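Structure, as structure tokens:
None of the figures in this text is laboratory data; all of them are computed from the coordinates on show. All of these numbers come straight from a predicted model, not from anything done at the bench. Reconstructed Cβ throughout: ideal geometry from the backbone, glycine too, with neighbour counts over all protein chains shown.
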Amino acid sequence: MLFDTHVHLNAEQFEEDLEEVIGRAKDAGVEKMVVVGFDRPTINKAMELVETYDFLYASVGWHPVDAIDMTEEDLKWIEELSAHPKVVALGEMGLDYHWDKSPKDIQKEVFRKQIRLAKKVKLPIVIHNREATQDIVDILKEENAGEVGGIMHCFSGSAETAKECIDMNFYISLGGPVTFKNAKKPKEVAVEVPMDRLLIETDCPYLAPHPNRGKRNEPAYVKLVAEQIAELKGMEFEEVAKKTTENAKKLFGIN
Ligand SMILES: [Zn+2]
Ligand SMILES: [Zn+2]
């Protein structure tokens, strides 16, 4: 049994063949998935999907790249959705300094607002970080985000930063990059992070693991991530699958 904690089955890349993609996920042993919405259309689609499929859950929030587009009404809407029984987290939220569509100060403001909302509605948060590790860690500390905790999604930082995040009540989620041959840091993180703090994800359709690198990613490939972690940790695959699934269920409050 596997739990893919971060999928974008709500992306247009899956419009044509969603049923087949879900079928392959089931065949690969993927028991549950969290569909992440990050703007108006993807949040709407995520909610539609979780109403349709019992094994799908939603995380709703506003992506830092598009922070400049988030209105007060959007934040209110996210708050309303947070009461839905299948909304298990808020996000993805965070900082992304790779793209400059939204200025840094606006990204930080929108990130802080969402952390405060998560604390108000008592849901864990899903953190997106690209080239902004120190600012993310600082804001999580300043906002006391450990009160709700959450996930450092597709974690790409160092083992030291991972430890700092774990100390703040966050889980470390590894995706496709841990399988890349030249990915030194994610492999070190996989070795160092204790099993009770580790999660797995695909972030599909992005970041497909080896040997599918560069192709469209899909939830079935989360198995490749778990296999790589098992190899790095010198554990059985089944053990990694079981423990990461338990961790995800505990964090999201799913039985
Ligand atoms: Zn992300
Ligand atoms: Zn994502």
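From helices alone, the chain scores -13000 deg cm²/dmol at 222 nm; the rule is -39500 (n - 2.57) for each run of n ≥ 4 DSSP H residues, then divide by the residue total. The lysines within cross-link reach of Lys181, meaning a Cα-to-Cα straight distance under 24 Å and a gap of 8 or more places when in the same chain, are Lys163, Lys215, Lys223, Lys233. In this calculation the C-beta distance from Arg213 to Glu31 is compared with R0 = 30 Å, giving a FRET efficiency of 0.75.
Using the Cβ-Cβ distance between Val191 and Glu72 with R0 set to 41 Å, the FRET efficiency from 1/(1 + (r/R0)^6) comes to roughly 0.40. In straight-distance terms, cross-link reach from Lys249 covers every one of the lysines whose alpha-carbon lies under 17 Å from its own, apart from those fewer than eight places away in the same chain; here that gives Lys32, Lys86, Lys122. Mean-square fluctuation check for the chain, GNM, Cα pairs under 10 Å: which of Gly176, Gly214, Gly149 is largest? Greatest mean-square fluctuation among the candidates belongs to Gly214. Projection of the Cα convex hull of region 93-158, averaged over all directions and equal to a quarter of that hull's surface, yields 4.1 nm².
A simple spin-label model places the labels of Lys119 and Glu80 2.6 nm from each other, with each point 7 Å out along Cα-to-Cβ.
Here, the chain is characterised by an Rg to Rh ratio of 0.93, where Rg is the alpha-carbon radius of gyration and Rh the Kirkwood radius. So for the chain, averaging the separation of alpha carbon pairs under 8 Å that are six or more residues apart and normalising by length, what relative contact order in percent results? Across the chain, relative contact order equals 20 percent. Under 5 Å between amide hydrogens, built in the peptide plane, is the criterion, and for His128 it picks out Met93, Gly94, Leu95 among residues at least 5 positions away or on other chains. Mind giving me the FRET efficiency for Arg40 and Ile254? R0 is 22 Å, r the Cβ-Cβ distance, nearest 0.05 is fine. Efficiency for this residue pair is about 0.30.
Within the shell defined by Cβ-Cβ distances under 15 Å, the residues around Ala230 carry a net charge of 0, with Lys and Arg each +1 and Asp and Glu each -1.
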